[in-house]
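Q: A single structure is presented below for examination.
The values are calculated or read from the model by the stated rules, or taken from the named source; none is laboratory data. Please read these numbers as outputs of a predicted model, since none were measured by experiment. We place every Cβ from the backbone using ideal geometry, glycine too, and count neighbours over all the protein chains shown. Remember, those area values only see protein heavy atoms, side chains included, never the ligands or the DNA or RNA. Shrake-Rupley method; radii C 1.70, N 1.55, O 1.52, S 1.80 Å.
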Amino acid sequence: MKEWILYLLIALLFSPLAALGVEHHIDTTWGGLSLSDAQNKSRLMQATFLYQAEYSPSTPLTFYSGLLFNAQTGSNNAEFIDEYIPKQTWAIHQAVMTYRPTSFLSFSLGALNQGQWQAPLLLGNQAFAGAQEELHIKNDYMDLNLFLQQSIPTNQTLLSRLDSSEDGTPSLLLGGLRLTNKSLLIQGMFFSFNELGSSVAHYSRFMGNSILGTTTSNSRFLYGHQGFHALVKTQFPIGQFMDLKTGWAFLHNNKTPDKRSDGYRIFVDFDFKGFGLGTEYFLNESDSAPSFYNLGTYGHNNVQGLIARLFGTINQMDYEFIIVRSQVIDQNVAQALYQSERTSFQFNISRRFVLP
């Protein structure tokens, strides 16, 4: 009963948007995290609310918006950085205006969510201010998408500590192609980071990157970050009750020497139409990408490990349990002083509410 009362209140609140033809929903997630290594011990509970909306005032123009609120409570004992300290944060998930002059061409401008690239060893789910151009070629058998993005990397959690105007404006250029059909995804793209600031470099040392300098004002990346990322995902039915999902990803930085430049992911999911089991092996060498921007679930850089997942759906609610076990790749580099074997356990329960 309480659920329906809450839904009614939300419906009344957003009903003026429905009158304008806005399609919108709220994704709610409840979960927890337990993480332990020699430098960090964190026990967190969190609730996340993601509001997303889509509005088309005219045929060629569409606005996409997403606002994220994350509330955490718990304990954190960290020796170097506060990546897992309990926080209450608002963040822009996306805020994009897309213009489609034709069915095969689109131009987007705004805060672009980087999770769209499915490249967690390179980029997490942050929204970067920028522009994106896409060419779409589609037929009955496949969808080919050519894309180019120019953006300004940022991070919501460290805005108060980012660099002074003496540092140049950071930038990210990426582009490539994506081919998809019902059972296959192939994506290849290049990337180039430029003018990443001293604060970003300083905090990246604690996440596995090779850094020159010792403070937030004089730290610099030892290597540049320019390279490519490739991703292949497949899905095949096995009988009537199971889908087999497999994939691999490869990340390479052209600006770094061997044994510091690459990242790999190999993953397999067994989806039994209601619940599933998955496993993944990952390796991300010390300087394959700026660790400040990639996904913390994998431990950032100079790490390798295994992930085990249990996932499914019960009564319109999705659940996921994740265990990650990782270890340091190279103990002889300077940044290994801030890293150690890590074990983490995470669970999430989520549900989507479509608003009227």
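Q: Just the residues that are within 18 Å of N40 (Cα to Cα) and polar (S, T, N, Q), please, taken from the stretch 278-330.
A: Correct list: S291, T297, N301, N302, Q304, S326, Q327.
Q: If I filter the stretch 166-186 for residues that are of a type in the set (G, A, S) and at pLDDT below 90, do I get at least one hit?
A: The answer is yes; a qualifying residue exists.
Q: Does A91 satisfy the condition of being in contact (Cβ under 8 Å) with a residue 40 or more places away in the chain and over 23 Å from the mean Cα position of the chain (by Cα)?
A: On the way: in contact (Cβ under 8 Å) with a residue 40 or more places away in the chain: yes; over 23 Å from the mean Cα position of the chain (by Cα): no.
It is false that A91 is in contact (Cβ under 8 Å) with a residue 40 or more places away in the chain and over 23 Å from the mean Cα position of the chain (by Cα).
Q: Residues that are open to solvent by less than 60 Å² (accessible area, probe 1.4 Å) and more than 30 Å from I211 (Cα to Cα), at least 3 per element: which strands (runs of 3 or more DSSP E) completely within the stretch 237-356 meet that?
A: Details: elements: 242-253, 262-271, 275-284, 303-314, 317-328, 342-354.
Filter on the stretch 237-356 gives 242-253, 262-271, 303-314, 317-328, 342-354.
Q: Report every pair of residues separated by at least 6 positions or lying on different chains whose Cβ atoms are under 7 Å apart, first residue within the stretch 327-356 and farther than 12 Å from T28 by Cβ, second of a type in the set (K, R) and open to solvent by 30 Å² or more (accessible area, probe 1.4 Å).
A: Pairs that qualify, where the first residue is farther than 12 Å from T28 by Cβ and the partner is of a type in the set (K, R) and open to solvent by 30 Å² or more (accessible area, probe 1.4 Å), are T343/R325.
Q: Follow-up. What are the residues in the stretch 130-142 that are part of a loop (DSSP other than H, G, I, E, B) and of a type in the set (S, T, N, Q), if any?
A: Listed by number, the list holds a single entry, N139.
Q: Inspect all residues belonging to the stretch 115-136 and state whether any of them is over 24 Å from P170 (Cβ atoms), over 19 Å from the mean Cα position of the chain (by Cα) and without any contact (Cβ under 8 Å) to a residue 60 or more places away in the chain.
A: yes
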